[in-house]
Amino acid sequence: KKENIKFRRFKNMKILVLQHVESETPGYIKDLMLKDGFDLTTVELDVGEEIPENIEQFDAMFCMGGPMDTWMIEKYPWLKEEKKKIAKYVIDLKKPYLGFCLGCQLLGEIVGGKVIKSNPPEIGIMDIHMHSNKSNDLLFSDFPDEIKALQWHSYEVADLENNNDVTILASSPITKYQIFKYKNNAYGIQFHIEIKSNTVSDWGCIPEYKNALEESLGKGALEKLEKIASENMIDMNKHATILYKNFCKLI
């Protein structure tokens, strides 16, 4: 009976998902949304699909990762329009937004930061340290002080210190802005909290990701990463569930 009530509650809630490659979906969080009856609209930007003009119709926006970088507008001209739509949704409409990896970096640029090369890249299952101010945050207050998460990035957000509307919620030894929020409606998450059992193997088929993985961790790195990810999957899915349940409160 409770499940039926929840399904009715969310079945009219519309989520816009911006994807940059077919295999980078909201993953485990997508499974939770579909189970609860959310209405998902996915725009596959890399194959020429366009973001709807009337983005105000959506209750939340998810912006996923991808093998391209925020500055590659000449190679991926749709990035220019994507940035405009995200800015309108987040800054003008003040609506809920979750950006993962590339989606985190796009948000960072939009609110006044820049994207720089990570030194070194962060690839693997690595530690994320939550800041003490997470205790006052709607989405992350229930998180432990330290978690392990999948990292797979060579660039990161920087220079948001002068924006008083930005709050850092988590960092790693290499990346300062692992989680940040703009005001109380938009969140950038540099790591992949959305991971599920097939994520690593699927992304290992993407040439840019495979090359970055082997450059960082050597030959055979994919199999090693799959094993470590599997060993930590229960905890990582638990954290995704906490984020999802709290995000439902936000929207």
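A few comments on the model shown:
- Number of the condition not met by Asp31 [criteria: (1) touching a strand residue (DSSP E or B) at 6+ places or on another chain (Cβ under 9 Å); (2) at pLDDT 95 or above; (3) closer than 20 Å to Cys101 by Cα; (4) not β-branched (Val, Ile, Thr)]: (1)
- Members of segment 31-49 that are among the charged types (D, E, K, R), more than 10 Å from Ile15 (Cα to Cα), in contact (Cβ under 8 Å) with a residue 24 or more places away in the chain and open to solvent by 50 Å² or more (accessible area, probe 1.4 Å): Asp31, Asp46
- The condition of being without any contact (Cβ under 8 Å) to a residue 40 or more places away in the chain and under 17 Å from the mean Cα position of the chain (by Cα) holds for only one of Thr199, Thr167, Thr175, that being Thr167.
- Look at (1) crowded, with 19+ Cβ neighbours inside 10 Å; (2) free of Cβ contacts under 8 Å to residues at least 60 places away in the same chain; (3) assigned to a strand (DSSP E or B) and you find that His129 fails only one, number (1).
The rows are residues; the columns are (1) outside any strand (DSSP E or B); (2) open to solvent by 10 Å² or more (accessible area, probe 1.4 Å); (3) touching a Phe, Trp or Tyr at 6+ places or on another chain (Cβ under 9 Å).
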position: Phe143; (1), (2), (3): yes, no, no
position: Lys148; (1), (2), (3): no, yes, no
position: Gln151; (1), (2), (3): no, no, yes
position: Glu161; (1), (2), (3): yes, yes, no
position: Thr167; (1), (2), (3): no, yes, yes
position: Ala170; (1), (2), (3): no, no, yes
position: Lys181; (1), (2), (3): no, yes, yes
position: Gly188; (1), (2), (3): no, no, yes
position: Glu194; (1), (2), (3): yes, no, yes
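- Only listed residue being assigned to a loop (DSSP other than H, G, I, E, B) and open to solvent by 20 Å² or more (accessible area, probe 1.4 Å), chosen from Glu56, Glu22: Glu22
- Restricting segment 115-126 to residues that are open to solvent by 10 Å² or more (accessible area, probe 1.4 Å) and not β-branched (Val, Ile, Thr), the residue that is farthest from Pro173 (Cα to Cα): Lys117
- For segment 196-224, the set of residues classified as over 24 Å from Asp142 (Cβ atoms), in a loop (DSSP other than H, G, I, E, B) and open to solvent by 60 Å² or more (accessible area, probe 1.4 Å) consists of Asn198, Cys205, Lys219, listed by residue number.
- For segment 60-88, a residue qualifies if it is assigned to a loop (DSSP other than H, G, I, E, B), acidic (Asp, Glu) and surrounded by fewer than 17 Cβ atoms within 10 Å (Cβ to Cβ), and exactly one does: Glu74.
- Tally of residues being in contact with a strand residue (DSSP E or B) (Cβ under 7 Å, 6 or more places away or on another chain) and more than 19 Å from Asn246 (Cα to Cα) across segment 150-175: 17
The values are calculated or read from the model by the stated rules, or taken from the named source; none is laboratory data. Just so you know, these numbers come straight off a predicted model, no measurement behind them. Every residue, glycine as well, gets a Cβ built from its backbone with ideal geometry; the counts of neighbours run over all protein chains shown. These accessible areas exclude ligands, DNA and RNA; they are computed on the full protein's heavy atoms, side chains included. Shrake-Rupley method; radii C 1.70, N 1.55, O 1.52, S 1.80 Å.
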